[in-house]
Every structure is written in structure tokens, then in C-alpha cells.
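S.K.: Mind looking over this structure? Questions follow.
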Amino acid sequence: MKYTDLITIAMPVYERKEYFLEALDSAINQTIKCRIIVVDNNSSHDFFKTTCKQKGIKYYKNERNIGMAGNFERCIELAESEYVTTLQDDDKLSPIYVESFLDAITKHPDVDVFFSNFVKNIGGSKYPHSHILPYGYMKDGKKIIEYAIKYKLGFPYMCSSIKKTIFSGFYKEYAGSYDWLWIYSNADRFTFYGDSRALYEFREHELQDTRNNSLKYCFSLPYLYDVILKEKAPNRKLERRASIHAFWELICFKSMATKDTIKEFAKNESLYGIYFVRKLSNNIFIRIIYALPKGAVYFAYRVFRKLGFTS
């Protein structure tokens, strides 16, 4: 049996049991075995503990719920290897994920972040995703920034393996897009390798956090474009494109949110909330749009999106 101690597959879990066994088995059934740990964010049941004991997997349980971002951090902290990948409890790894990672690291020992293509699992069927991603060896990660602006946000953090020494911690004042905030804030300092094969299966379902909290994630996107990516854009053309993306994300948020929701988000003291209030104060056009009825903005946004103006 082939084994490597270079990488740990760490699984952050909380309450949800439905897909855990599939996810765990995908980690166990790698062609090259590695360390596997499960980090429970203080669930109310012992399902994860019992399953891990039966399968001989190292299990940790937090003394209290430390939030989703905090539990992902805890996974990285507890991993006893140079690299760690966080496999979510409702997703699956290809059997050759670790093997492919090792092949890339052997060829390019300086890689900080390994990632792969992925497919979406919807109702048990597999579908391609809509993102355009760069693949191959990238010395300084500038291509990651460029692709995020040219083709819109979509870095597949969920199927990434990162070197522990580069991890500086997630921003935990706001739950939405903490992984994208970290990766895009630091991408130009990292070396990447992207595998074009679909080595990860991302499951979409009714219990999914991103699906049930879409407004929360939508609220963070204008900041990522307008502050993080615009600042790192390699030229003026891409700076302008990042600003345009930020504008349309603000309109998208307005098209989905009620007045009360907008007021609630505006009171948010995170960097996203501060940016949002500043944008409303400094941009009269945005302020006018936000004064319009939600239905009118929703209709106009859908029309412009269909015509291709929002991309």
C-alpha cells in the first residue's frame, strides 16, 4: 500500500450527516493513502465520533462551536503534514486526488497551492461548472488574479491543497467568502499548480450553506472586486473591469434584498459593511439605484444580464 505523510485530508463537520460517509470513503479510498482527520464543530450527536472510531480515523471535537471559518482554521492547525486539503462533508475526492497532488509537487517542489478542476453533483448527476480557471504551473499567482477579473470569481478553494506555512488565517468578522478573501488577498505571493482534471465533486443540495445564505455571500463580492482584485490588477484595463464587476454585484445584491435586509447589512461592522456604506455615500448613481423599488431593479438586472452587460 502506497502512503504519503506530505498531505492531510482534513474534514470540517457540524451536525449534517447525510453525505458524510461518501465524503469520508472518498478520502479513505485514495490510490495513495495519507493522513485523514475529522474536526467536529461541537455537533449535538456522536455520529461522526462513532463512524471515525469504526473506520480508524482520527477525530477531534471542538469544546464549542467556533464558526465555519474557525473550524476550517482548526483543520489546518491540527494537520500534522506540510500540506492540507479541507474536504467538506458533502463533497467527494477523486481516488487519484492525492496521487495527482504528489505528481505535481514532485515536478514543482515550490508549489504553495495545488488545486484541480471539479464537477458539480446535483441530485446524483454530474455536471460541469461554469468557471474559467487557469491550469498548469504558475510561479507567482498573478494569473489567478487576472482570471478572477477577466472571467469573474471562481477559484476552487474547496479542492485546493495548501502549504501550512503560508496560511495566515481567515477573516472571521463576517462568514461569507472568507476563503476567497484569503486566497485573492495573497495569490500574487503564492506559487500555484492547477490540474485540469476534475478531481473533486462539489455537491449542490438543499442543506448547503452557500445555497441557503446566498445574500450573505453576494454582499461580500463587490468588496472583493473593488478593493482586493482592483488593487492587484496588472493593468488599467483590468482595474476598470474589476470596478465594473463590483458595480454589477452591488446591483445584483439590490435586486435580491429587501429594504430591511439592506439596512441590516449596512449596519454590519465588517470590512464588507464599511465598504458598502462608503459606496452608497460616495457614489450618487449607486445611491439612486438603491432608492428604487426592488422589483424594478430586479427586472432591469435580469434584462441587462440576459443581454450580456453584467459579465
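Read the figures in this text as sums done on the coordinates, not as results from a lab. Everything numeric in this text was worked out from a predicted model, so none of it was measured. Counting neighbours? That spans all protein chains shown, and the Cβs are built from the backbone with ideal geometry, glycine included.
S.K.: Compute the signed sum of charges (Lys and Arg +1, Asp and Glu -1) over the other residues within less than 11 Å, Cβ to Cβ, of Tyr60.
M.R.: +1
S.K.: Provide the per-residue ³J(HN,Hα) series for the range 167-184, in order, calculated from phi with Karplus coefficients 6.51, -1.76, 1.60 and θ = phi - 60°, each as a whole number of Hz, with x at glycine and proline positions.
M.R.: 6, 10, x, 8, 7, 10, 6, 8, 6, x, 6, 4, 6, 5, 4, 5, 5, 6
S.K.: Any idea what the dipole of the chain comes to, in debye rounded to 20, about its Cα centre with Lys/Arg Cβ at +1 and Asp/Glu Cβ at -1?
M.R.: Result for the chain is approximately 1180 debye, rounded to the nearest 20.
S.K.: Right, something else. Going by how many other beta carbons lie within 10 Å of each one, how would you line up Cys52, Cys159, fewest first?
M.R.: Fewest to most other Cβ atoms nearby, the residues stand as Cys52, Cys159.
S.K.: With just the Cα atoms defining each centre, how far is the range 214-234 from the range 34-59? Give it in Å.
M.R.: One Cα centre to the other: 35 Å.
S.K.: From Cα pairs below 8 angstrom and at least 6 apart in sequence, can you work out the relative contact order of the range 3-210, rounded to a whole percent?
M.R.: Relative contact order comes out at 26 percent.
S.K.: Could you derive backbone 3J(HN,Hα) for the range 94-102 from the dihedral phi with the Karplus parameters 6.51, -1.76 and 1.60 (θ = phi - 60°), listing whole Hz in sequence and x where the residue is Gly or Pro?
M.R.: Running phi through 6.51 cos²θ - 1.76 cosθ + 1.60 with θ = phi - 60° gives 5, x, 9, 4, 5, 4, 5, 4, 5 Hz.
S.K.: Counting other C-beta atoms within 10 Å, which of Met158, Met11, Met1, Met138 has the fewest, and how do the rest follow?
M.R.: Met1, Met158, Met138, Met11
S.K.: Setting aside same-chain residues fewer than 8 positions from Lys254, which lysines have a Cα under 27 Å from its Cα?
M.R.: Counting by Cα, and skipping residues close in sequence, Lys254 has these lysines nearby: Lys150, Lys152, Lys172, Lys216, Lys230, Lys232, Lys237, Lys263, Lys267, Lys279, Lys294, Lys306.
S.K.: Ok, one more. Toward the positive end of the charge dipole of the chain, about the Cα centre and with charges on Cβ (Lys, Arg +1; Asp, Glu -1), which of Pro95, Gly176, Ile32 goes farthest?
M.R.: In the chain, that residue is Gly176.
S.K.: Report the net charge of residues surrounding Ser160, where surrounding means a beta-carbon distance below 12 angstrom and charges are Lys +1, Arg +1, Asp -1, Glu -1.
M.R.: -2
S.K.: Rank the residues Asp103, Asp112, Asp40 as a footprinting-exposure proxy: fewest other Cβ atoms within 10 Å of their Cβ go first.
M.R.: Asp103, Asp112, Asp40
S.K.: Evaluate the distance, in nm, between pseudo-label points positioned 7 Å from the Cα of Lys172 and of Ser281 along their respective Cα→Cβ axes.
M.R.: Calculated label separation equals 2.9 nm.
S.K.: Can you list the HN-Hα couplings for the range 243-250, worked out from phi with the Karplus curve (6.51, -1.76, 1.60; θ = phi - 60°), rounded to whole Hz and with x for Gly and Pro?
M.R.: Per-residue couplings from phi come out as 5, 5, 4, 4, 4, 5, 5, 5 Hz.
S.K.: Please return the longest stretch of the chain lacking exposed loop sites, where GluC sites (Glu not before Pro) count only if DSSP places them in a loop and at most 13 other Cβ atoms lie within 10 Å.
M.R.: 81-172
S.K.: Local charge sum around Val119 (other residues, Cβ-Cβ under 15 Å, Lys/Arg +1, Asp/Glu -1)?
M.R.: Result for the local shell: -1.
S.K.: For the range 31-118, what is the number of Lys pairs with C-alpha distance below 24 angstrom, counting only pairs 8 or more positions apart or on separate chains?
M.R.: Lysine pairs satisfying the spacing and distance rule in the range 31-118 number 15.
S.K.: Can you give the charge dipole size of the range 116-204 about its Cα centre, rounded to the nearest 20 debye, using +1 on the beta carbon of Lys and Arg and -1 on the beta carbon of Asp and Glu?
M.R.: Around 140 debye, computed over the range 116-204.
S.K.: Please report, largest first and rounded to whole Å, the three semi-axes of the ellipsoid equivalent to the chain, where each semi-axis is the square root of five times an eigenvalue of the C-alpha gyration tensor.
M.R.: Over the Cα atoms of the chain, the semi-axes work out to 35, 23, 18 Å.
S.K.: Also, quick follow-up: Tell me, what is the percent relative contact order of the range 215-306, built from C-alpha pairs under 8 Å that lie six or more residues apart?
M.R.: Rounded, it is 29 percent for the range 215-306.
S.K.: Once every DSSP H run of n ≥ 4 in the chain is given -39500 (n - 2.57) and the sum is divided by its residues, what mean residue ellipticity at 222 nm do you get, rounded to the nearest 500 deg cm²/dmol?
M.R.: -13000 deg cm²/dmol
S.K.: Something else now. Calculate the spin-label point distance for Tyr151 paired with Asp188, positioning each point 7 Å from the Cα along the beta-carbon direction, and give it in nanometres.
M.R.: About 2.1 nm, to one decimal.
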